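The values are calculated or read from the model by the stated rules, or taken from the named source; none is laboratory data. Everything numeric here is computed off the predicted structure, so don't read it as measured data. Please note: Cβ atoms are built from the backbone with ideal geometry, for glycine as well, and neighbour counts cover all protein chains shown.
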Amino acid sequence: MTRSLVRTLILADWERHRWPVIFCIASGVLALGLIQVGGELPFIFGATWFFTGLIVLACILPGSNVINERKKQTLPFLMSLPISITQFTAAKIVSTVGLFIIPWLTLVIAAVLYIAGHEKFPNGSIPVVIALASLVLVGFCLIAGVALVSESEGMMVAAMVVSNSSYGFGWYLLVRNAVIRADMKNPEIVWNTEILTVLGFEFAVIVLILGLTFYLQSRKRDFV
Amino acid sequence: MKNLAIQLDGVGKKYRYFTLDNIQLQLPPGQIMGLIGPNGAGKSTTIRILMGLIHQDQGEVRVLGHRMPAEQVAAKWDIGFASEDMRLYDVMTLDWHMRFIRSIYPQWDPAYAQLLLKRFGLMAEQKIKGLSHGQRVKATLLLVLARRPRLLVLDEPTTGLDPVARHEILRELTAVMNDEGRSILFSSHNTQDVEQISDQITFIDRGRIIDSMDKEAYLDRWRRLRLEAPTGIELPALPGVISIRQTGRLAVATSNEFGPGIARAYENSGARVQTIENMTLEEIFVAKVELSREEHQEVGA
């Protein structure tokens, strides 16, 4: 009964937020289309647009799906349902992360297929694109986790500032690495130790953030 | 004891500027209890504790036999909860909310939901953001009532409603009680609403329950006596009289345990009883709150 209720809450969240997700996917596809035009400027605009779409969605979703529950006073409605705080947290984490993962994964796969299908882009850049996109996923998880635990718009904005500031720095560090930079130009995909370490670190941070979110939420005594 | 719809025993909750202190509350099945208190008295905190939404620091809470907050999931299958600060998703339609609740509660009654739509004058296809405040309250109550809960917990449901909307909602709540197994806990600072539908009344002020009893017992026991006391006559302090306010020759005595002996005692003291008046629940409530605050100040001093 309860498991099906968690699923019902997740599906309800997905139904309510389907338009921003669809819009983000469409925006990412258009950005890839712009890169297709060719030339340095369309490439820079297209790549920036592609990542900006994901970053904007990463900022919008936690606000809309988590903070607004308290701000718009729909939280008492949800909590009047036969659900515990832990189950609510599980539903919110799965629905919010799922809402982001769908366009994120779609666009990452689209970008990988796009690179693989065009000779002018070396396949060696695929691991870097995945690592760059994963950093946005880390940032999203941080924003969503802070939003869930703090239920505060101010704290969520602070998490956004931290995340958004870290992207440029993270990307700079990534491409500054000599091995990664060299393998980016390789016509074949190279999973070197450096890029695998970066991806492993990003994955570990995501697991840590989500685990910590779940733990802190389950310790709350007052919920509304 | 096991059959009580609601049982709060010695419940306390401490905040920085507010303390809910030793709350004792019992609601038998099939009864409507009105929880009356001024703003900030602790009505919502009490209700949130019994819904498991906030955890008490001390005391035991049982709702429909379930310990709260530990067994809140099991309890909430049979509780319909609506509060004044509860909102629905404003970009979704009422129909979406009805489908949502229906997918959760197997006991959802679609025919009753349609009936309530008609009675409340609501349109299912309308988005929540397009509804007036009164319509939103009715929409929330529809979602609560159509799932046929054994216990309704309503926190200030009639606040801000016009008289017609209030009447419609109170009528529906009274109709719900045709099923004798159902119970309602209904908080408000509007004593008229509570007086209209409640069997039992509980007064709460500054985080403490100051009185709780049968509504008829309140109305039977409380009286206001208007007295004329000639100069030189001192009105006696009588048991069952909680206050005497005297201005010149005229005095008003308030009794919470009225019996014919009180009027006789004043007559015997040389005063003349001009009138003996029934008191409204609001007047009883105000007198009770004032008395409680005076007593509390004396204890504190």
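Tell me, which strands (runs of 3 or more DSSP E) wholly within the range B:198-278 include 3 or more residues that are in the same structural domain as B:Val176 (by TED's automatic domain parsing)?
Values: elements: B:200-205, B:208-214, B:223-228, B:241-247, B:250-255, B:272-278.
Answer list for the range B:198-278: B:200-205, B:208-214.
Candidates are the residues of the range A:62-83 that are facing chain B (nearest Cβ under 9 Å) and either touching a residue at least 40 places away in the same chain (Cβ under 8 Å) or touching a Pro at 6+ places or on another chain (Cβ under 6 Å) (or both); the one that is farthest from A:Val94 (Cα to Cα) is A:Pro76.
Among the residues of the range B:94-104 satisfying the criterion of being more than 27 Å from the chain's Cα centre (by Cα), surrounded by 18 or more Cβ atoms within 10 Å (Cβ to Cβ) and more than 7 Å from chain A (Cβ to nearest Cβ), which is farthest from A:Ser4 (Cα to Cα)? Break it down stepwise before answering.
First, the residues of the range B:94-104 that are more than 27 Å from the chain's Cα centre (by Cα): B:94-100, B:102-104.
Subsequent filtering for residues that are surrounded by 18 or more Cβ atoms within 10 Å (Cβ to Cβ) retains B:94, B:96-98, B:100, B:104.
Applying the additional criterion that residues be more than 7 Å from chain A (Cβ to nearest Cβ) yields B:94, B:96-98.
Details: B:Leu94: 22, B:Trp96: 18, B:His97: 17, B:Met98: 17 Å.
In this case the residue turns out to be B:Leu94.
Restricting the first member to the range B:280-294 and to residues that are crowded, with 18+ Cβ neighbours inside 10 Å, and the second to residues that are assigned to a helix (DSSP H, G or I), the beta-carbon pairs closer than 6 Å and six or more apart or on different chains are B:Leu281/B:Thr191; B:Leu281/B:Glu195; B:Ile284/B:Tyr218; B:Phe285/B:Thr191.
Which of the residues spanning the range B:174-196 are in a helix (DSSP H, G or I) and over 10 Å from the mean Cα position of the chain (by Cα)? Talk me through it step by step, then tell me what you get.
Taking the range B:174-196 first, the residues in a helix (DSSP H, G or I) are B:174-176, B:191-196.
Result: B:Thr174, B:Ala175, B:Val176, B:Gln192, B:Gln196.
When you check B:Ser83 against the structure, is it modelled with pLDDT under 95 and more than 13 Å from chain A (Cβ to nearest Cβ), yes or no? Taking the combined requirement at face value, the residue does not satisfy it.
Residue by residue, here is whether (1) of a type in the set (Ser, Thr, Tyr); (2) farther than 24 Å from A:Pro82 by Cβ; (3) not assigned by TED's automatic domain parsing to the domain that holds B:His97 holds:
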| site | (1), (2), (3) |
| --- | --- |
| B:Ser132 | yes, yes, no |
| B:Gln135 | no, yes, no |
| B:Thr140 | yes, no, no |
| B:Pro149 | no, no, no |
| B:Leu154 | no, no, no |
| B:Thr159 | yes, yes, no |
| B:Asp162 | no, yes, no |
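When A:Arg219 is tested against (1) within 14 Å of chain B (Cβ to nearest Cβ); (2) charged (D, E, K, R); (3) surrounded by 14 or more Cβ atoms within 10 Å (Cβ to Cβ), exactly one condition is not met: (3).
Is it true that A:Ala158 is in a helix (DSSP H, G or I) and closer than 19 Å to A:Leu54 by Cα? First the steps, then the outcome.
Working: in a helix (DSSP H, G or I): yes; closer than 19 Å to A:Leu54 by Cα: yes.
When the stated conditions are applied, A:Ala158 passes them.
Picking from residues in the range B:121-167 that are crowded, with 19+ Cβ neighbours inside 10 Å and acidic (Asp, Glu), the one that is modelled with the highest pLDDT is B:Asp155. Among residues of the range A:100-115 that are more than 16 Å from A:Ser27 (Cβ to Cβ), those with a beta-carbon under 9 Å from a residue that is at pLDDT below 90 and of a type outside the set (Lys, Arg) at least six positions away or on a different chain give the pairs A:Ile115/A:Phe121.
Taking the condition of being surrounded by 19 or more Cβ atoms within 10 Å (Cβ to Cβ) and either part of a loop (DSSP other than H, G, I, E, B) or facing another protein chain (nearest Cβ under 7 Å) (or both), how many residues in the range B:67-76 meet it?
Kept after step one, since they are surrounded by 19 or more Cβ atoms within 10 Å (Cβ to Cβ), are these residues of the range B:67-76: B:68-69, B:72-73, B:75-76.
Subset that is either part of a loop (DSSP other than H, G, I, E, B) or facing another protein chain (nearest Cβ under 7 Å) (or both): B:69, B:72-73, B:76.
Total meeting the criteria: 4.
Pairs linking a residue in the range A:2-21 that is more than 8 Å from every other protein chain (Cβ to nearest Cβ) to a residue that is of a type in the set (D, E, K, R) and surrounded by 14 or more Cβ atoms within 10 Å (Cβ to Cβ), with Cβ atoms under 9 Å and 6 or more positions apart or on different chains, are A:Leu9/A:Lys92; A:Ile10/A:Lys92; A:Asp13/A:Lys92.
Selection over the range B:49-66 of residues that are charged (D, E, K, R) and more than 10 Å from chain A (Cβ to nearest Cβ) gives a count of 2.
All of (1) in a helix (DSSP H, G or I); (2) in contact with a Ser or Thr (Cβ under 6 Å, 6 or more places away or on another chain) hold for B:Asp95 with one exception: (2).
Yes/no matrix, rows are residues, columns are (1) among the hydrophobic types (A, V, I, L, M, F, W, C); (2) part of a helix (DSSP H, G or I):
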{"site": "A:Val136", "(1), (2)": "yes, yes"}
{"site": "A:Ala144", "(1), (2)": "yes, yes"}
{"site": "A:Ser166", "(1), (2)": "no, yes"}
{"site": "A:Asp183", "(1), (2)": "no, yes"}
{"site": "A:Val190", "(1), (2)": "yes, no"}
{"site": "A:Ile195", "(1), (2)": "yes, yes"}
{"site": "A:Gly200", "(1), (2)": "no, yes"}
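For the range A:163-188, taking the residues that are within 17 Å of A:Glu202 (Cβ to Cβ) and in contact with an Asp or Glu (Cβ under 7 Å, 6 or more places away or on another chain), the one that is surrounded by the most Cβ atoms within 10 Å (Cβ to Cβ) is identified as A:Ile180.
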